[in-house]
1. Looking only at the stretch 13-27, filter to residues that are touching a Gly at 6+ places or on another chain (Cβ under 6 Å) and under 16 Å from T75 (Cβ atoms); which one of those is surrounded by the most Cβ atoms within 10 Å (Cβ to Cβ)?
2. Can you name every residue in the stretch 99-136 that is part of a helix (DSSP H, G or I), small (G, A, S) and in contact with a helix residue (DSSP H, G or I) (Cβ under 6 Å, 6 or more places away or on another chain)?
3. Being in contact with a Gly (Cβ under 6 Å, 6 or more places away or on another chain), open to solvent by less than 30 Å² (accessible area, probe 1.4 Å) and modelled with pLDDT under 60, is that true of even one residue in the stretch 163-170?
4. Under the condition of being crowded, with 17+ Cβ neighbours inside 10 Å and over 30 Å from T130 (Cβ atoms), which residue from the stretch 75-105 is modelled with the lowest pLDDT?
5. Among the residues of the stretch 112-138, what is the count of those that are within 13 Å of Q154 (Cα to Cα) and open to solvent by less than 30 Å² (accessible area, probe 1.4 Å)?
6. Are there any pairs with C-beta distances below 9 angstrom linking a residue in the stretch 41-61 that is under 12 Å from T75 (Cα atoms) and open to solvent by less than 60 Å² (accessible area, probe 1.4 Å) to a residue that is in a helix (DSSP H, G or I) and not hydrophobic (A, V, I, L, M, F, W, C), with the two at least 6 apart or on different chains, and if so which?
7. Looking at (1) open to solvent by 70 Å² or more (accessible area, probe 1.4 Å); (2) modelled with pLDDT of 90 or more, which one does K33 not meet, given that it meets all the others?
8. Out of the stretch 29-81, which residues are among the aliphatic types (A, V, I, L, M) and closer than 20 Å to S159 by Cβ?
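The values are calculated or read from the model by the stated rules, or taken from the named source; none is laboratory data. Small disclaimer: the values here were computed from a predicted structure and weren't measured. Please note: Cβ atoms are built from the backbone with ideal geometry, for glycine as well, and neighbour counts cover all protein chains shown. The area values use the complete protein model at the heavy-atom level, side chains included, leaving out ligands, DNA and RNA. Shrake-Rupley method; radii C 1.70, N 1.55, O 1.52, S 1.80 Å.
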Amino acid sequence: MFFLITVILMGVNAAFALQHGNRGIKVVELQKKLHKIGYFDGQITGYYGTLTQNAVSQFQATNGLTVDGIAGYKTLAALGLSEAITTQTSQHTSLLKLGSSGSLVIELQQHLQVMGYYDGLMTGYYDLSTQQAVILFQMDVGLKSDGIVGPLTQAAIESHFNSPPLPTLTSTPSSLPNRGDIR
């Protein structure tokens, strides 16, 4: 039983970890906190790049944490950010799958539509087109492509949805972004 709980907690910790390549509001919060306490002197961009990774590593070394440059639960807790980060990420960790319905499905459909994966109606019903959109998203971000929105998929959707758009050299008029424009 202890082993099972440990494995589950490790998975939850991984879902909340911030690391190189991540983007979004959670990274902004991390950068602001590291800047405030003197570990980060770069621009607050919301992108977890080398400067952020180095700042996290320095903070970890100074505070007796495992130095890996990844802002996992222990690092976030030491920074006083664990509650804010994990609360935001875990608000909607209900399992959503084919046949689910409700406001969380509408929110999922909206996020997928904005990111260019879903072009159906906002019905609040997790139908085959919603499942297909989730599978495409999961494939693009390297998650298990099962069409089920669990904690890891939800965290990835929130991370990508909250990420600032990458600058483009040209823009083409379209009612929806193309699939994959989130990168």
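1. V27
2. Within the stretch 99-136, the subset part of a helix (DSSP H, G or I) is 103-114, 128-136.
Filter once more, keeping what is small (G, A, S): 103, 129, 133.
Matches in the stretch 99-136: A133 only.
3. Step one: list which residues in the stretch 163-170 are in contact with a Gly (Cβ under 6 Å, 6 or more places away or on another chain), which gives 163-164.
So of that shortlist, the ones also open to solvent by less than 30 Å² (accessible area, probe 1.4 Å) come out as 163.
Applying the additional criterion that residues be modelled with pLDDT under 60 yields 163.
The answer is yes; a qualifying residue exists.
4. That would be S82.
5. Number of matching residues: 4.
6. Going by the 9 Å Cβ cut-off, the qualifying pairs are A55/Q31; A55/H35; V56/T75; F59/T75; Q60/K74; Q60/T75.
7. (1)
8. Looking only at the stretch 29-81, we keep the residues that are among the aliphatic types (A, V, I, L, M), and these are 30, 34, 37, 44, 51, 55-56, 61, 65, 67, 70-71, 76-79, 81.
Answer for the stretch 29-81, where residues must be among the aliphatic types (A, V, I, L, M) and closer than 20 Å to S159 by Cβ: L30, L34, I44, L51, A55, V56, I70, A71, L76, A77, L79, L81.
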